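To start, the structure itself, in structure tokens.
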Amino acid sequence: MYNSIQLADDIFWLGVNDRKTHLFENLWPLDNGVSYNSYIIVDEKIALIDTVEKSKIDEYLNRIHDIIGERKIDYLIINHMEPDHSGGISEILKENPDIKIVGNKMTFVLLRGLYNINTNHFLITDGDTINLGKHQLKFIITPWLHWPETMMTYEETEEVLFTGDAFGSFGTLNGGVFDDELNMDFYIDEMRRYYSNIVAKYSKMVIKALDKLKGIKLKYIASTHGPVWRSQIDWVLKLYQDWATYKAEKGVVIVYGSMYGNTEQMADIIARRLSVRGIRDIKIYDASRKHLSYILSEIWHYRGILIGSSAYNGGIFPPVENITRKLEDIEIKDRLLGTFGSSGWNKAGVKGLNKWAQSMDWELVANSPETRGAPEKNSIAMCIELADAMADRLNEMYPDK
Ligand SMILES: Cc1cc2nc3c(=O)[nH]c(=O)nc-3n(C[C@H](O)[C@H](O)[C@H](O)COP(=O)(O)O)c2cc1C
Ligand SMILES: [Fe+2]
Ligand SMILES: [Fe+2]
């Protein structure tokens, strides 16, 4: 018998923890695991909201039976079709042959494609409602958070918003489920990493969704990953608004790629000067070592970005180039940029970085220090100039910090 975890009257959390999978989407490190959250509303009619990843199906079905016994589920609401949430649909359908699978047009395109399920479809459009007895569900179509079919489901009686991936976080839920039960510093970092890795590309759609939610009373934000929010609703809405509009804190992320330590030395020279100039949050990452996932999260966190690269076969050092391509892809805006690097003969690293910089439309704070081999007098002076220019801009932008 599992402990059932109740959100509100008749509404239960049905999340499972995945501590086994190494990479989310076979791409993003799950160093702290991840939870897949599903929810169930037990009323005259029973509604299940999303399912979980396939590997957790036995635990999941047992948990459902503990709550509803042999009763059948009337509705399966699909807010998102990605397999980390849709992995249980086939089993749920098998156990509940008369279930209505609730989704929008695009949901069913994906349901057919991924699972070849052509029956039990219950089509809804934006604003439609379903009455369960005491509880009423309203559907809010919010595409591209983070696939084309994504939507949210609002439970009107208890004011619970089931948001799918939006407001989600990496990290398993280790006992605590609600924001006030958890040390949220950890989850904010994991939530920002989730945002920058998974959602960031669709920041414009996040703003559209947040606009659509304005005026809706919210007591709970129940995402498909990580904590359920009930104590800091306004705060988390504001956090998402800030991330989606590229707000950032005072601080500098220095990312470099360096084979023999020349470019790395420049990073340290720049960092020291930034510190002398009063910058407290300075993060340095070796792009060969630190996974892109964490670097993206830090770039989402801080305003100042310094990218260094040695020249490598006529271009940018590959792990650094990978980061630049990803930044281009997610279209992050409003950062202060500086570039630097070392080469043997043709400055190919810095040249490549500066070509990329043009496509980003970020403010370039100073000329790029470039050195042949180890940093010498002239390039050291340029590193100091670059750090000074970055510190000046940050001190102007954040005068009180
Ligand atoms: C595999 C390899 C490829 C390189 N390609 C270039 C190049 O295309 N252009 C250039 O100017 N230097 C090139 N170099 C030289 C390095 O960029 C140079 O030694 C630089 O100082 C290394 O800086 P680092 O210690 O930060 O890696 C290459 C070096 C290696 C090992
Ligand atoms: Fe997703
Ligand atoms: Fe997800």
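The values are calculated or read from the model by the stated rules, or taken from the named source; none is laboratory data. Owing to the predicted nature of the structure, the values given are computational and were not obtained by experimental measurement. Neighbour counts are summed over all protein chains in view; Cβ atoms, including those assigned to glycine, are modelled from backbone coordinates with ideal geometry. For the accessible areas, the whole protein counts, side chains as well, though only heavy atoms, and no ligand, DNA or RNA atoms are used. Shrake-Rupley method; radii C 1.70, N 1.55, O 1.52, S 1.80 Å.
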* To do: Enter the mean projected area of the convex hull around the alpha-carbon atoms of the chain, in nm², rounded to one decimal.
  => 20.5 nm²
* Asked: Ordered by packing density, taken as the mean number of other Cβ atoms within 10 Å over each peptide's residues, highest first, how do 60-69, 366-375, 120-129, 186-195 rank?
  -> 186-195, 366-375, 60-69, 120-129
* Give a residue-ordered list of calculated ³J(HN,Hα) values for region 270-275 (Karplus: 6.51 cos²θ - 1.76 cosθ + 1.60, θ = phi - 60°; whole Hz; x for Gly, Pro). => 5, 4, 4, 5, 4, 5
* Beta bridges by DSSP in the chain, antiparallel share as percent, to the nearest 5 -> 45 percent
* **Phi-based couplings in Hz for region 319-325 (Karplus 6.51, -1.76, 1.60; Gly and Pro marked x)** => x, 6, 4, 4, 5, 4, 5
* **Listed residue pairs exceeding 22 Å between alpha carbons, taken from Lys204/Lys247; Lys138/Lys214; Lys100/Lys212** => Lys100/Lys212
* Structure fact -> Residues meeting the amide H criterion for Leu76 (H placed from the backbone, H to H distance under 5 Å, 5 or more places apart or on another chain) are Leu48, Lys100, Ile101, Val102
* Sequence-distant aspartates and glutamates (8 or more away, or on other chains) whose Cα lies within less than 17 Å of Lys219 -> Asp9, Asp10, Glu155, Glu156, Glu158, Glu159, Asp179, Asp180, Glu181, Asp234
* To do: Can you find, among Asn118, Leu386, Leu23, the residue farthest towards the positive end of the dipole of the chain? Put +1 on the C-beta of Lys and Arg, -1 on that of Asp and Glu.
  => Leu386
* **Distant-in-sequence amide H partners of Tyr312 (H built 1.01 Å from N, under 5 Å)** => Phe317, Gly349
* Structure fact -> Heads up, region 149-189 by the C-alpha gyration tensor (a ≥ b ≥ c square roots of eigenvalues; a/c under 1.5 rounded, else a/b over b/c prolate, else oblate) looks oblate
* For region 250-392, how many pairs of lysine residues have a Cα-Cα distance under 16 Å, where the two are 8 or more positions apart or belong to different chains? -> 5
* Asked: Which percent of the accessible area of the chain is formed by carbon and sulfur heavy atoms (probe 1.4 angstrom)?
  -> 48 percent
* To do: Would you please put 246-255, 23-32 in order of how densely packed they are, using the mean number of other Cβ atoms within 10 angstrom per residue and starting with the highest?
  => 246-255, 23-32
* Provide the per-residue ³J(HN,Hα) series for region 305-311, in order, calculated from phi with Karplus coefficients 6.51, -1.76, 1.60 and θ = phi - 60°, each as a whole number of Hz, with x at glycine and proline positions. => 10, 10, 10, x, 8, 7, 7
* Asked: Taking the Cα centre of each part, how many Å lie between region 272-310 and region 350-401?
  -> 13 Å
* Structure fact -> Summed over the other residues with a beta carbon less than 10 angstrom from that of Gly349, with K and R at +1 and D and E at -1, the charge totals 0
* To do: Would you grab the residues whose amide H sits under 5 Å from the one on Asp128? Only those 5+ places off in sequence or on another chain, please, with H modelled 1.01 Å from N.
  => Phe139
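Can you classify region 5-244 as rounded, prolate or oblate using the Cα gyration tensor, where a ≥ b ≥ c are the square roots of its eigenvalues, rounded means a/c under 1.5, and otherwise it's prolate if a/b beats b/c and oblate if not?
Values: a/c = 1.30, a/b = 1.22, b/c = 1.06.
Here region 5-244 falls in the rounded category.
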* **Cα-based shape type of region 250-392, given that a ≥ b ≥ c are square roots of the gyration tensor eigenvalues and the cut on a/c is 1.5** => rounded
* Asked: Taking the highest mean first, how do the peptides 204-215, 157-168 order by number of other beta carbon atoms within 10 angstrom per residue?
  -> 157-168, 204-215
* **Average accessible area per residue (Å²) across the chain - probe 1.4 Å, nucleic acids and ligands excluded** => 42 Å²
